[in-house]
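Novice: First the structure, then my questions, so here it is.
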């Protein structure tokens, strides 16, 4: 099985929506839906502007992971929509790490100094992943004014890019 990381392509929209909502609602019981996340149907206009991007991890033609970087200032942007399908998490695939490395390389290329992220306290494995990759927990009041807060997010992190 060869996992490929690609930039978003429209033909994968329904699969990525199914993956993300399946994890948010089906797996974690979050009170959200597609209507609360219109960005999922507007990826080029929402994420792939101002040097941001949205990436997919594919197993053949099946979407098994997602991640995005939405740049909101010359030096800052949030990591958003990081999801990996059950059965593809951790070893041996390391899809989350592959997706994150693609995002970090883009952040460095764009000369960002800080990446922020918001998440829910329910994503315990994600917290460990973020902390292992250098993110530090921060208070919501310390977020930049431009940070796009999502209603289900109650835990916030920052990563200083060197």
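The values are calculated or read from the model by the stated rules, or taken from the named source; none is laboratory data. All values reported here derive from a predicted model rather than from experimental measurement. Note that we place each Cβ from the backbone using ideal geometry, even for glycine, and neighbour counts take in every protein chain shown.
Novice: Go through region 103-119 and give me each residue that's buried (at least 18 other Cβ atoms within 10 Å of the Cβ) and part of a loop (DSSP other than H, G, I, E, B).
Specialist: 112
Novice: Same structure again: Show the residue pairs meeting these rules: Cβ distance below 6 Å; 6+ apart or different chains; first residue within region 134-162 and without any contact (Cβ under 8 Å) to a residue 12 or more places away in the chain and at negative phi; second residue surrounded by 13 or more Cβ atoms within 10 Å (Cβ to Cβ) and assigned to a strand (DSSP E or B).
Specialist: Final answer for the pair search is none.
Novice: Which residues, taken from region 32-44, are assigned to a helix (DSSP H, G or I) and either touching a residue at least 60 places away in the same chain (Cβ under 8 Å) or in contact with a strand residue (DSSP E or B) (Cβ under 6 Å, 6 or more places away or on another chain) (or both)?
Specialist: Scanning region 32-44 gives 36, 43.
Novice: Between 100, 54, which is at pLDDT 95 or above, part of a helix (DSSP H, G or I) and in contact with a strand residue (DSSP E or B) (Cβ under 9 Å, 6 or more places away or on another chain)?
Specialist: Result: 100 is the single residue among 100, 54 that is at pLDDT 95 or above, part of a helix (DSSP H, G or I) and in contact with a strand residue (DSSP E or B) (Cβ under 9 Å, 6 or more places away or on another chain).
Novice: Then there's this: Just the residues that are outside any loop (DSSP other than H, G, I, E, B), farther than 22 Å from residue 121 by Cα and either at pLDDT 95 or above or in contact with a helix residue (DSSP H, G or I) (Cβ under 9 Å, 6 or more places away or on another chain) (or both), please, taken from region 57-88.
Specialist: Listed by number, the residues that qualify are 57, 58, 59, 62, 63, 64, 76.
Novice: Right, something else. In region 45-58, which residues are in contact (Cβ under 8 Å) with a residue 12 or more places away in the chain, more than 18 Å from residue 100 (Cβ to Cβ) and more than 15 Å from the chain's Cα centre (by Cα)?
Specialist: Once the filter is applied, which keeps residues that are in contact (Cβ under 8 Å) with a residue 12 or more places away in the chain, more than 18 Å from residue 100 (Cβ to Cβ) and more than 15 Å from the chain's Cα centre (by Cα), region 45-58 yields only 50.
Novice: Does residue 157 satisfy the criteria of being at pLDDT 95 or above and either assigned to a strand (DSSP E or B) or in contact with a helix residue (DSSP H, G or I) (Cβ under 6 Å, 6 or more places away or on another chain) (or both)? Give the derivation first.
Specialist: Working: at pLDDT 95 or above: yes; either assigned to a strand (DSSP E or B) or in contact with a helix residue (DSSP H, G or I) (Cβ under 6 Å, 6 or more places away or on another chain) (or both): yes.
It is true that residue 157 is at pLDDT 95 or above and either assigned to a strand (DSSP E or B) or in contact with a helix residue (DSSP H, G or I) (Cβ under 6 Å, 6 or more places away or on another chain) (or both).
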